[in-house]
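J.: Attaching a single structure in structure tokens format; questions to follow.
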Amino acid sequence: MPDLMAVLCLGILVGSVLGLTGAGGGVLAVPALVLGLGWSLTEAAPVALLAVGLAAAVGAYLALRQQQVRYKAALLMALAGSVCAPIGVTLAKQLPYTVLVSMFATVMVLAALRLIRSAQDVIDPADNVPCRMNPETGRLRWTPVSATLLAAVGGAAGIGAGMLGVGGGFIVVPALRQWSDIPQHHVRATSLMVIALISVGTIASQLWHGTTLHAGSAGFVGGAIAGLFIGRALAGRLPERVLQLGFATLMLLVAASLLLRVF
């Protein structure tokens, strides 16, 4: 029972972060299972991917009903991510465990620093960003540059999903904030759809090729879905800057803990 409660609580924590930020669930899910429950990275990655993917799918469905998802952009990024995910899976099988953990911690530090930087920036929608909304239709204006950029973002997210068991939201959200004028709540919603499609597709491929899930995965998945609703309820009540700085601080602490555990 204590183990089940720990799994549920960790799942709720990860789902809450996902609902609050539209990103970061996978980045926290793997360390939560490794540090909190003592699982190995190879045990934690597929369970984290499944939990984050299903929780994100629920969030994306709710956001779709509210017409907040830029679904064409999400589908393009997810398609590119699904194509690139096997590259990450192959790399994960060939790299030593300490190298994988070090890479994961490095990704967390870079994502945290990017969040801290974006929290200090004042993003002007009038800036000359490559991915722009049409004010008359509320849809993205598609150009070769914007399509290529979004595909590249999705590909990077897919490699991260395959190699490290992360959904890619920590890549998608900062990229859309930096290179588009999509409203922030639409960025979160679009990121959830990308995470859901890439994560579920990647975990399906992994299961097909013989990956097995830890016995505690059901509790973690259930907790993550419950936590998503908690995060969504709180998202509109907390300032964006507070969310970003708080999440960045948490990622830096977790990255340090992972490195200390390995070395």
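J.: Please give the number of the condition ALA256 fails out of (1) modelled with pLDDT of 80 or more; (2) crowded, with 22+ Cβ neighbours inside 10 Å.
T.: Failed condition: (2).
J.: If you go through the range 29-69, how many residues are buried (at least 24 other Cβ atoms within 10 Å of the Cβ) and basic (Lys, Arg)?
T.: Total meeting the criteria: 0.
J.: Here is a follow-up. Looking only at helices (runs of 4 or more DSSP H) that fall completely inside the range 161-263, which ones have 1 or more residues that are in contact with a His (Cβ under 9 Å, 6 or more places away or on another chain)?
T.: 169-179, 217-235
J.: Let me spell it out: the conditions are (1) farther than 28 Å from LEU110 by Cα; (2) touching a Phe, Trp or Tyr at 6+ places or on another chain (Cβ under 8 Å), and LEU258 meets all of them except one. Which number is the exception?
T.: (1)
J.: Quick check on my filter: what residues within the range 114-136 are aliphatic (A, V, I, L, M) and at pLDDT 75 or above?
T.: Our first condition is that a residue be aliphatic (A, V, I, L, M); within the range 114-136, this holds for 115-116, 119, 122-123, 126, 129, 133.
Within the range 114-136, ILE116, VAL129, MET133 meet the criteria.
J.: How many of the residues in the range 187-210 are surrounded by 18 or more Cβ atoms within 10 Å (Cβ to Cβ), at pLDDT below 85 and among the polar types (S, T, N, Q)?
T.: Here the count works out to 3.
J.: Checking the structure you have, find out if any residue of the range 138-149 is at pLDDT below 75, crowded, with 17+ Cβ neighbours inside 10 Å and of a type in the set (A, V, I, L, M).
T.: no
Yes or no, residue by residue, for (1) out of contact with any helix residue (DSSP H, G or I) (no Cβ under 7 Å at 6 or more places or on another chain); (2) free of Cβ contacts under 8 Å to residues at least 60 places away in the same chain; (3) not in a helix (DSSP H, G or I):
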{"residue": "LEU8", "(1), (2), (3)": "no, no, no"}
{"residue": "GLY15", "(1), (2), (3)": "no, no, no"}
{"residue": "LEU20", "(1), (2), (3)": "no, no, no"}
{"residue": "TRP39", "(1), (2), (3)": "no, no, yes"}
{"residue": "GLN67", "(1), (2), (3)": "yes, yes, yes"}
{"residue": "PRO86", "(1), (2), (3)": "no, no, no"}
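J.: I'm trying to understand the selection: among the residues of the range 88-120, which are without any contact (Cβ under 8 Å) to a residue 12 or more places away in the chain and surrounded by 17 or more Cβ atoms within 10 Å (Cβ to Cβ)?
T.: Across the range 88-120, there are no qualifying residues.
J.: Are any of the residues in the range 85-92 farther than 18 Å from SER191 by Cβ, of a type outside the set (A, V, I, L, M, F, W, C) and more than 17 Å from the chain's Cα centre (by Cα)?
T.: yes
J.: From the list ARG237, ARG241, ARG188, exactly one residue is closer than 23 Å to ARG117 by Cα and free of Cβ contacts under 8 Å to residues at least 12 places away in the same chain. Which is it?
T.: Exactly one of ARG237, ARG241, ARG188 is closer than 23 Å to ARG117 by Cα and free of Cβ contacts under 8 Å to residues at least 12 places away in the same chain, namely ARG237.
J.: For residues that are crowded, with 24+ Cβ neighbours inside 10 Å and β-branched (Val, Ile, Thr), scanning just the range 160-186, find the one that is nearest to VAL27 (Cα to Cα).
T.: If we take residues in the range 160-186 being crowded, with 24+ Cβ neighbours inside 10 Å and β-branched (Val, Ile, Thr), then VAL166 is nearest to VAL27 (Cα to Cα).
J.: Output the residue which, of all residues in the range 135-160 that are of a type in the set (Ser, Thr, Tyr) and assigned to a helix (DSSP H, G or I), is nearest to ALA78 (Cα to Cα).
T.: Checking each candidate, the answer is THR148.
The values are calculated or read from the model by the stated rules, or taken from the named source; none is laboratory data. Fair warning: this is a prediction, and the values are worked out from it, not measured in the lab. Because the Cβ atoms are built from the backbone with ideal geometry, glycine has one as well, and the counts that use them run over all protein chains shown.
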